[in-house]
Amino acid sequence: MARFISAIAARFVIALPYLWLLVFFLAPFLIVFKISLSEPALAMPPYQPVFDIFAGFAAFFEKVRALSFSNYLWLLDDPLYVNAYLSSIWIATVSTLITLAVGYPIAYGMARAPASIRPTLLMLVILPFWTSFLIRVYAWIGILKPEGLLNQFLMFLGVIDEPLVILNTTTAIYIGIVYSYLPSWFCRSIRRWKRWMGL
């Protein structure tokens, strides 16, 4: 009996995270998916059909048949959304390649570094996580804007005569994405290099 209760308790503990994901991830996702299949309406809520759990199964299935994929077809017909989607894929691909090119060599160097300084190097990688993600990203505005630190520094060195337009460009997006994901990439890459080299 004790073994049976222990097995039930173990399964209950394992089931808790799945229940959490079901309630707080899958259920909202299904609600949004249902709304995406609905038609806009001047009502509250602003879409039709609206399910009523007390209306019975017949009314439920009738409203299910009223759902449509027309919104998704409309997205495919509008070049604005298609171009935005393709642009997102392109930016994600380029950002990933830049992160690879920057992250792997540095991670290799950190993995090959003497064991005495390796914790310090790892600490320097983890240190940005101590600051809010939003604050770190917003700090780049002060660096990249026309009167920001980067332009002021380049003009001080005489590299440029007038400020570069970097903010609100694709280049700024690449910088923000690579900067945001690089620390996490370092941590994963260091573990891979150490495993491959048998360290």
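Just so you know, all these numbers are worked out from the coordinates, no wet-lab data involved. Quick caveat, the model's predicted, so the values are computed rather than measured. Using ideal geometry, Cβ is built from the backbone for each residue, glycine included, and neighbour counts are taken over all protein chains shown.
Using the Cα coordinates of region 79-197, the gyration tensor eigenvalues translate into equivalent-ellipsoid semi-axes of 29, 21, 13 Å, sorted from longest to shortest. Sequence-ordered 3J(HN,Hα) estimates for region 57-64 from the Karplus curve with 6.51, -1.76 and 1.60 and θ = phi - 60° stand at 5, 4, 5, 4, 5, 5, 6, 4 Hz, glycine and proline given as x. Karplus-derived 3J(HN,Hα) values for region 80-87, using 6.51 cos²θ - 1.76 cosθ + 1.60 with θ = phi - 60°, are 4, 6, 4, 5, 5, 5, 5, 5 Hz; glycine and proline are entered as x. Toward the positive end of the charge dipole of region 2-74, about the Cα centre and with charges on Cβ (Lys, Arg +1; Asp, Glu -1), which of A9, P45, A66 goes farthest? My answer, from the dipole projection, is A9. How would the chain be classified by its alpha-carbon gyration tensor: rounded, prolate or oblate, with rounded meaning a/c under 1.5 and the a/b versus b/c comparison settling the rest? Note, shape of the chain comes out oblate. Quick check: the distance between the Cα centres of region 87-114 and region 7-51, to the nearest angstrom? Going from one Cα centre to the other spans 36 Å. Between amide H atoms placed 1.01 Å from N, distances below 5 Å from I160 occur with M155, all of them 5 or more places distant or on a separate chain.
Angle of helix 27-36 to the longest C-alpha principal axis of the chain, folded into 0 to 90 degrees and rounded to 10: 80°.
Axis of helix 2-21 versus longest Cα principal axis of the chain: the two differ by about 80°, to the nearest ten degrees. Distances between placed amide hydrogens fall under 5 Å for Y47 paired with A41, all partners being 5 or more residues away or on another chain. Look at the Cα gyration tensor of region 2-74: its axes a ≥ b ≥ c give a/c of at least 1.5 with a/b over b/c, and that counts as prolate.
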